[in-house]
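**Student:** Below is a structure I'd like to ask you about.
Here, each number is a calculation from the coordinates, and none is a lab measurement. In this text, all values refer to a predicted model and were calculated from it rather than measured experimentally. Here Cβ is always computed from backbone atoms with ideal geometry, including for glycine, and neighbour counts include all displayed protein chains.
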């Protein structure tokens with residue numbers, strides 16, 4: 001990688017490298033191979049989406065010079081983030097932390113999956129936070145969490161704004177921070193256009209991104 005980057009370029013790593021376990025949990029290693037936990041509830045289309053997100057994260061990890069256990073974690077996040085996306089929302093609500101139980105039903109699958117992973121013995125705060133907050137963002141997300149937020153939006157199987165999103169993908173991971181800001185802006189503008197409230201976690205995420213690029 002070049003030693004000098006333009007503004008918005010590859011990120012200074014936010015905690016992921018020094019807090020990650022030395023060796024991934026077996027469940028995480030299996031997920032990196034595309035093997036989902038037995039409790040996952042996903043249909044064929046969802047699984048295909050998860051694979052595309054995992055491939056995108058893997059490519060970015062390589063582009064950022066990550067190897068070994070770090071690359072495993074990034075690929076696993078792509079498969080694990082939607083592991084409960086096709087479960088009924090009300091079956092998940094009681095299994096997420098109390099502070100997140102008021103989330104709209106479509107947003108419960110991230111925190112619910114993170115709690116299932118934690119209960120299974122996964123002790124990786126960066127990965128668990130990435131899975132939990134991949135739909136809404138959070139100022140506490142580390143580099144993996146931010147990458148998952150972006151990859152979930154940019155994966156090539158989605159059919160909206162294809163040309164614009166392809167342009168953003170082409171800039172990753174070299175223009176990481178600036179691309180992330182564009183994604184967050186687009187998602188917040190979409191919420192506002194629909195008359196939907198912006199969650200406090202999303203607002204804090206946006207403010208954190210803006211502050212970093214000043």
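**Student:** Work out how far the C-alpha atoms of region 58-170 reach from end to end along every principal axis, then list the three figures in whole Å, largest first.
**Tutor:** Reported extents, whole Å, longest axis first: 40, 34, 24.
**Student:** Just checking my list (i) 18.0; (ii) 18.6; (iii) 17.3 against Kirkwood radius over Cα pairs in Å computed from this structure; which label fits?
**Tutor:** Comparing each candidate, only (iii) matches the computed number.
**Student:** Please arrange 192, 148 by counting, for each residue, the other beta carbons lying within 10 Å of its beta carbon, fewest first. Numbers along the way, then the final one.
**Tutor:** On the way: 192 11, 148 28.
Ranking 192, 148 by Cβ neighbours within 10 Å, fewest first, gives 192, 148.
**Student:** Relative contact order, percent, of region 82-214 when contacts are C-alpha pairs under 8 Å separated by at least 6 residues?
**Tutor:** On the way: 130 pairs, mean separation 24.5, N = 133.
Averaging sequence separation for qualifying contacts and normalising by length gives 18 percent for region 82-214.
**Student:** Next question. How would region 41-82 be classified by its alpha-carbon gyration tensor: rounded, prolate or oblate, with rounded meaning a/c under 1.5 and the a/b versus b/c comparison settling the rest?
**Tutor:** Cα axes put region 41-82 in the prolate bin.
**Student:** 222 nm [θ] for the chain, helices only, -39500 (n - 2.57) per DSSP H run of 4+, per residue, to 500? Each step should come with its number before you reach the end.
**Tutor:** Details: 11 runs with 119 residues, N = 214.
Using -39500 (n - 2.57) per qualifying helix, the result is -16500 deg cm²/dmol.
**Student:** In addition: Can you put 183, 188 in order, fewest other beta carbons within 10 Å first?
**Tutor:** 188, 183
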